[in-house]
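*Asks:* Here it is: the structure, laid out below.
Laboratory data are not the source of any read-out in this text; all were calculated from the coordinates shown. Quantities reported herein were computed from a predicted structural model and do not represent experimental measurements. A quick note on method: Cβ atoms are made from the backbone with ideal geometry, for glycine too, and the neighbour counts reach across all protein chains shown.
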Amino acid sequence: MAYLPNFTLQTPNITDRYYSCKRFTPIIGVERGEISMRNLFLTISMLVGTELALAQQNSRALLPNQPVLSQMTGNCYTHSGADVLTGIFLRENRQTSTPQPHPLLLGGIVSADIGRANISSGLTCDFFNEAKNVRGNICSVEAFNSYVASTGVSVKTVKDNINLLDRNMKKLQDLFDKSSWSDRDKAKALKAAQDIVSATCNLNGIADLDNPNFLKLLDDSREIISRLSPRPVTFSSVLSSITEAVISGPGVFLSRRIGDHFSFSSQRRNNMNQILESTYEEINTACMSYATRTNKPKVASNFFSSSDRFTCRNEIYKKPRLSRAQTKPQLDFIDRQVRAGYPTGIYVCSAIFYAKYPTIGGYRERDGDCKNGGGHAVTVTGIEYRNGKRFFKIRNSWGTGACRGLDNGRRECRAGGVSGCPTKENSIDCKDGVYYMSDNFLSLGLYGHTRLTVPRSR
C-alpha cells in the first residue's frame, strides 16, 4: 500500500528612517507699489524654483524599471515580499534594475522549507523573513516564463495546478486528522483525490513525475478514489471484501470499511512538504538549466543576502476598524519608509481596487473584516501629490490589464445613483496595472503594513 501525504500547517514566526518633507513659502521683501520688472522676474523665478523643489520633495518612485508582474507569477504576498527584497537589493547595491526571482518558485521553495502546507495565503513579512535566508539559485521571472513557454504550457497552467495540488493535499490532511468521516467528508476526500491526480498529470513536462514522491502521491490518490467511488454491490465485490478481511485481519478491515471511519496509520503518512519541495525544486532546477543554455537573465548571487540585516514586522490594525483620521499615522509611516528608499508592503481589502462604493461601509464590516472581497497584499513604491492631495503608488499582482476592473467598478458606482463615487482625481487611478490611491481612499481599506528594521550599530 502506498503512503499518504502528511503535513502540518505552520505560520513562521524599512528601516524606520525619519523623512521630513517640509513645505515653505519664500519671503519676498518688496514694498507695496514698488514691484519692478526685475523684482517680478526674480519673484516668478523663485516661485517656479520653489515649486520644482516641492515637486521633487513630494514625489518618490521606487522600482521604476522593474516590470509589473502578472498574477500568473505567484500569490499576492510572494509578489509583495519579492518587491521588498528587490527594493532593498537595489538600494544596498545602488542599482536601478535587476532580474527578480520568480515569485511562484521562490514562494513554493520557501513554503516547503518552513513547513507550510499551502502557499495560497500569507503575510508579506512572514515570507520576507524566510526568503532572505535563501542561498541557492532561483530562476528569474524572464527565464521561467520563457522556460514554461518552451514546454508548450502556460505559466497560468503551472500556477493553477501547483496551487490546486497544494490546496487538495491540505484538504486531505485535514480530513485524515479526523477520527471519523461523514458522507460529506467522504465526498470532499474523493474530490480532493481526483483534483490531485488531475493537477499532478497537468504538470507533466514541467516536473519529473517519475519522482518517487509523486508516484506515492498518485498511488494514494487513486486508492482513495477507488475506495470512495460509488459502485454497485455484486458477488465479486463481496468476495473481494471477504478476501481483504482474511488477508489484512478483521481489525484492520473494520477500521477501513465499517462505519464512517477511514484512516491510515500515522507512521504510513508521507510528509507533504517533501512533495512540495520536490515539485518546486524539480521545476527550479530545470529552469536554471534552461536559463544557462539559452543565456537568460539570472538573479544576482547576492540578491537575498543584501537583506540579511533587515527584519520585517507586520503591523496589523484590522480590528477594531479605524477611522480615516486614525489611519493617518500609519499612512505617514508608509510615506516615510518609501521616501527612505524601501518599498513597503501593505494589507488592504481587495474591494477597494474596484472602487464600487463611496464609503467605508462598502469595503469593511463594522468589526473591521473585509467586505465584498477578502484581504490582499500589495506594495507601495511611490508617493506623489496631485492637486495638493497625497497619492500612494501601488504595485498590484493582477497584471497590466487589471485597470479594466477599476473602470467597470466606477461605472457601477455611478450607475447606482449614489453621490461621492470615487474618481481618478480625488480617490483612485490606474495605469498599466499600477494603482494610485489618495490618503482618504486608501484609508477605507487599509488594515496593515510592513515595517523594516535593522539592528542599531554599537
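*Asks:* Under 18 Å from the Cα of Lys371, which lysines turn up, not counting those fewer than eight places away in the same chain?
*Replies:* Reachable lysines: Lys318, Lys319, Lys356.
*Asks:* Normalised by the number of residues in region 311-453, what is the relative contact order in percent for Cα pairs under 8 Å and 6+ residues apart? The partial results should precede the final answer.
*Replies:* Numbers: 274 pairs, mean separation 51.5, N = 143.
In percent, rounded to a whole number, it is 36.
*Asks:* Can you tell me the Rg and Dmax of region 179-228, counting just the alpha carbons, in angstroms?
*Replies:* Here Rg and the maximum Cα pair distance are 12.2, 38 Å.
*Asks:* Report, by chain and number, residues whose modeled amide H sits under 5 Å from the one on Arg386, excluding near sequence neighbours (fewer than 5 apart, same chain).
*Replies:* Phe391
*Asks:* Moving on to the next point. Can you give the local net charge around Lys132? Use residues other than it whose beta-carbon is closer than 11 angstrom to its beta-carbon, Lys and Arg +1, Asp and Glu -1. Kindly include the intermediate steps, with their values, before the conclusion.
*Replies:* On the way: positive: Arg135, Arg309; negative: Glu130, Asp308.
Neighbour charge sum, excluding Lys132 itself: 0.
*Asks:* Would you work out if region 290-425 is rounded, prolate or oblate? Take a ≥ b ≥ c from the square roots of the eigenvalues of the alpha-carbon gyration tensor; rounded if a/c is under 1.5, else prolate when a/b is larger than b/c, oblate otherwise.
*Replies:* Values: a/c = 2.06, a/b = 1.53, b/c = 1.35.
Since a/c reaches 1.5 and a/b is larger than b/c, the shape of region 290-425 is classed as prolate.
*Asks:* While we're here: Determine which aspartates and glutamates satisfy two conditions relative to Lys298: a Cα distance under 12 Å, and not lying fewer than 8 residues away in the same chain.
*Replies:* Those aspartates and glutamates meeting the cut-off are Glu142.
*Asks:* Something else about it: Using the structure shown, list the pairs from Lys132/Lys296; Lys156/Lys186; Lys328/Lys424; Lys159/Lys296 with a Cα-Cα distance above 26 Å, or answer none. Intermediate results must be reported in sequence, preceding the final value.
*Replies:* Details: Lys132/Lys296 23 Å; Lys156/Lys186 30 Å; Lys328/Lys424 21 Å; Lys159/Lys296 21 Å.
Distance filter (> 26 Å) returns Lys156/Lys186.
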